[in-house]
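Visitor: Take a look at this one; I'll ask things after.
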Amino acid sequence: MLHNSDIVTLHLPLGADTHHIIGREQIKKMKQGAFIVNTGRGALIDTDTLIKALENGKLGGAALDVLEGEEGLFYFDCTDKPMDNQFLLKLQGMPNVIITPHTAYYTEGALYDTVLKTIRNCLNFERSLNHG
């Protein structure tokens, strides 16, 4: 399937059997100029191999909502901290890469559900305090 696909998308949890599920061998099998999209977990892709494939033109581009080693990068104020994630530094400078800060879930429906569940949880908690 990899050799026929223009776009490969990953939507998997990370586990021992999925760690680097896309690595050197899989990228070799991919169609020249194909694109890869990862909204699962960063370590599904061997990022060193991904960067090399983007640099040498094997892959046409990547859209990444997650990055290998992303812990501490997103949802934190890193203004006064030096950026030491080499994957992020390299990928940010590539014109054929789009990076989003782990927001694949961020849809109108998902936000509505989150707000609704939060309000319900608060109301249920308040009721439990008032009634015992």
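Visitor: State which entries of LYS29/LYS90; LYS31/LYS90; LYS29/LYS81; LYS52/LYS81 exceed 31 angstrom in Cα-Cα distance in the structure shown.
Guide: LYS29/LYS81
Visitor: Between CYS122 and LYS90, what is the spin-label point distance in nm, taking each point 7 Å from the Cα along the Cα→C-beta axis?
Guide: In this crude spin-label approximation the distance works out to 4.5 nm.
Visitor: Further question on the same structure: For ILE119, what is the net charge nearby, where nearby means another residue's Cβ is under 14 Å from its Cβ and Lys, Arg count +1, Asp, Glu -1?
Guide: +1
Visitor: What's the magnitude of the charge dipole for the chain around its Cα centre, counting Lys and Arg as +1 and Asp and Glu as -1 at the beta-carbon? Answer in Debye, nearest 20.
Guide: The dipole magnitude comes to about 360 debye.
Visitor: So, one more: Which label belongs to the value computed from this structure, given these candidates for Rg/Rh (Cα atoms, Kirkwood Rh): [x] 0.97; [y] 1.06; [z] 1.13?
Guide: Among [x] 0.97; [y] 1.06; [z] 1.13, the one calculated here is [z].
Rule-based calculations on the coordinates, nothing more; no lab input. This one's a predicted model, so the numbers in the text were calculated from it and none came from an experiment. Don't worry about glycine lacking a Cβ; one is built from the backbone with ideal geometry, like all the others, and counts go over all protein chains shown.
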